[in-house]
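Notes follow once the structure below has been shown.
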């Protein structure tokens with residue numbers, strides 16, 4: 001990173017970012033330098049969770065990560081969620097569950113919620129409601145009232161468990 | 001602007017010695033908020049994320065040494081929570097999972113916000129902050145570390161390497177008042193730890209003074225009046241007197257999150273609740 005070039009592996013693809021200013025957040029680099037606009041920019045203070053991404057297996061707010069400090073890291077964004085999906089639409093189990101449950105209204109919080117729920121189900125395939133509520137406590141949705149989001153998480157958990165039972 | 005990604009503690013100290021005005025970046029959850037708002041201009045940054053020596057923790061007998069980069073998620077996790085339960089409870093109330101995955105105990109100390117949630121616990125535990133620079137290591141007791149609102153005892157070129165806390169035999173409580181259960185900055189908080197071996201109770205308050213405050217008179221009363229052999233809950237008169245003394249120790253102000261009167265009332269309620277919980281049958285205070 002001595003020459004100012006930033007190396008990031010995003011959703012399995014290696015990127016060299018040559019034009020980033022050293023003070024930029026990871027979210028800014030993803031959206032403005034790499035054109036990955038799925039992660040949303042809103043509060044810029046870690047309150048809303050709409051910029052949630054994974055950095056080296058850690059779920060974090062992209063707006064609070066200094067891009068230069070994670071040079072060389074592996075990043076997963078919402079654009080990477082459906083990559084290994086088997087469905088025709090290229091949707092992951094969590095994405096499909098959100099659609100089926102009607103857990104999306106304006107959609108702004110959805111990418112962050114999907115990242116948080118995907119991460120949760122990797123850790124805990126059978127989360128109870130309290131665990132789910134805590135896992136999504138950093139993702140604000142101002143449309144749905146969360147009822148359908150909780151239903152979607154239940155659906156996604158069930159479908160992931162089914163998928164693991166049938167190889 | 002330069003960003004130095006330190007790989008070792010020596011690297012980090014050398015970079016800071018070179019550029020004493022550099023900003024130290026750990027989890028970024030405080031610093032990047034200021035950067036995003038345009039409140040903080042960063043010329044030089046020393047990033048500590050890759051310094052392995054700052055990660056992890058060691059237990060040496062009854063002492064726990066927490067690397068400065070230990071995250072709130074780790075503090076609240078299954079390994080550390082049984083050793084310092086109040087610290088785990090406090091860490092779990094910080095922000096959201098995303099924030100707790102990044103935020104560090106060293107960062108909470110360095111930011112030194114009156115609302116820093118781990119600070120009252122560290123105060124109640126008489127934690128010691130290990131400070132490091134190219135000149136070596138020095139220990140700073142917690143009551144001398146936080147010197148005012150968002151100010152600390154670090155000299156230019158120094159960084160926090162670790163925090164040492166005792167592993168005590170006895171129940172611990174951290175209680176916090178805020179507007180909801182997640183993503184909330186404390187309006188008032190209280191940490192209570194019981195040291196059964198030393199037969200004392202220690203109480204510290206957060207968000208009710210510029211720095212974490214110990215409620216010393218309340219501690220003396222509780223430590224004197226508890227029947228340590230029976231491990232029984234003190235009677236209601238003692239609990240009320242204890243809570244009153246805790247409230248007297250607070251030096252709150254009115255601000256956008258609450259009034260001084262509310263905060264004083266809140267810590268009185270928290271004190272009563274914490275003492276009762278700690279000495280309720282089943283909490284294992286009796287030897």
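Readers should treat all values here as calculations from the given coordinates under stated rules, not as data from a laboratory. Since the model is a prediction, treat every value here as computed from it, not as a measurement. So basically every Cβ, Gly included, is an ideal-geometry build from the backbone, and we count neighbours across all protein chains shown.
Please compute, for peptide B:19-27, the average count of beta-carbon atoms on other protein chains lying within 10 Å of each residue's beta-carbon.
Details: counts 0, 0, 0, 0, 1, 0, 4, 1, 3.
What the average comes to for B:19-27 is 1.
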### Task
Could you list B:265, A:119 in order of exposure, starting from the residue whose Cβ has the fewest other Cβ atoms within 10 Å?
B:265, A:119
### Task
Please build a GNM for chain B, connecting alpha carbons under 10 Å apart, and tell me which residue among B:165, B:140, B:203 fluctuates the most.
B:140
### Query
Across the residues of B:90-96, average count of Cβ atoms on other protein chains within 10 Å?
3
### Task
Give the order of B:30, A:124 when sorted by the count of other beta carbons within 10 angstrom, beginning with the fewest.
A:124, B:30
### Query
For helix A:147-165, what angle does its Cα long axis make with the longest principal axis of chain A, in degrees from 0 to 90 and rounded to 10?
90 degrees
### Task
Would you mind calculating the relative contact order of the stretch B:2-166 from Cα pairs under 8 angstrom and at least 6 residues apart, reporting the percent as a whole number?
25 percent
### Query
Can you give the percent of C-alpha pairs in the stretch B:1-70 whose distance is more than 14 Å?
62 percent
### Task
Could you state, as a whole-number percent, how many of the C-alpha pairs of the stretch B:2-166 are farther apart than 24 Å?
29 percent
### Summary
Ranked by GNM mean-square fluctuation in chain B (Cα springs under 10 Å), the top entry among B:93, B:259, B:111 is B:259
### Task
Kindly express, to the nearest 10 degrees and within the range 0 to 90, the angle between helix B:260-278's C-alpha long axis and the longest C-alpha principal axis of chain B.
70 degrees
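Computed over the Cα atoms, what is the radius of gyration of chain B divided by 2.2 N^0.38 Å, N being its residue count?
Its radius of gyration relative to the 2.2 N^0.38 Å reference: 1.01.
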#### Entry: Three semi-axes of the equivalent ellipsoid, the stretch A:6-80, Cα gyration tensor, whole Å, largest first
17, 13, 11
### Message
To make sure I understand, if each residue's beta carbon is the centre and we count other beta carbons within 10 Å, what order do A:28, A:98, A:108 fall in, fewest to most?
### Response
A:108, A:28, A:98
### Query
Tell me, Kirkwood radius of chain A from alpha-carbon pair distances, in Å?
16.3 Å
### Query
So for the pair residue B:139, residue B:262, with labels modelled 7 Å out along Cα→Cβ, what separation do we get in nm?
4.1 nm
## Note on the structure
Along principal axes, largest first, the alpha-carbon spread of the protein assembly as shown in whole Å comes out as 70, 54, 43
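So if I take the alpha carbon set of the stretch B:131-287, get Rg, then get Rh from the Kirkwood formula, what is the Rg over Rh ratio?
Looking at the stretch B:131-287, the ratio lands at 1.02.
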### Query
Averaged over peptide B:2-14, how many Cβ atoms belonging to another chain are found within 10 Å of each residue's Cβ?
2
